[in-house]
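For reference, the structure is listed below as structure tokens.
What follows is calculated from the coordinates using simple rules that are stated; it is not laboratory data. Note that this is a predicted model, so its numbers are computed, not measured. No Cβ is skipped: glycine too gets one built from the backbone with ideal geometry, and neighbour counts run over all protein chains shown.
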Amino acid sequence: MKTFVFTLFLTFSICGHAAVEYRKFDNAKQEQAYHSLISELRCLVCQNQTIADSNAELAKDLRRQVYEMLQQGKNQQQIVDYMTQRYGDFVLYRPPLKSKTLILWIGPVVFVVIGLLVLLLMSRRKNQADKKDKLSEQDEKRLRALLEEGEDS
């Protein structure tokens, strides 16, 4: 009896987590467009996931909205245009190069260049400091002579 109850609970617990979205498409091209779109659109809640990967409620709504727009006969570009008009370029996982998004594209390169310049300047300063700390050959000979005189006395 315990085994039966355990199996029953195990079955119900698995079914509770097995929520799968099923979408019926008219043709394979429409299905491919759907999967392409949900892989290109960013989840506005998660921000680092596409709406295909996210389980957020907004992502589910956006997937439903993409599906409905495809069923209405809209093409991929029309859907992308609608989403960017409504949510801005941030909804795109790869935003276009515009004056508004220029910092997103150039920012990482600028930070790497600044980091390399800082490393270069720090290494030059260290080399210059090392050169200043070194004694000339005459000064070294004088220092050794003074040390030897001090030991003799």
> Given the Cα-Cα distance of ASN27 and LEU58 and 0.36 nm per residue of separation, how much length would full extension add, in nm?
Replying inline: 8.5 nm
> With respect to the cross-link table entries LYS29/LYS98; LYS74/LYS100; LYS2/LYS24, which display a Cα-Cα separation exceeding 32 Å?
Replying inline: LYS2/LYS24
>> Along the charge dipole of the range 102-152, pointing to its positive end and built from +1/-1 on Cβ of Lys, Arg, Asp and Glu, which listed residue (SER136, GLY115, GLY150) has its Cα farthest out?
In response: GLY115
> Hey, what's the Kirkwood Rh for the range 77-121 if you take every pair of different alpha carbons, in angstrom?
Replying inline: 12.4
> What residues from the range 38-76 fall in the zone where the backbone N is under 13 Å from a label point 7 Å along the Cα-to-C-beta line of LEU92?
Replying inline: 40-42
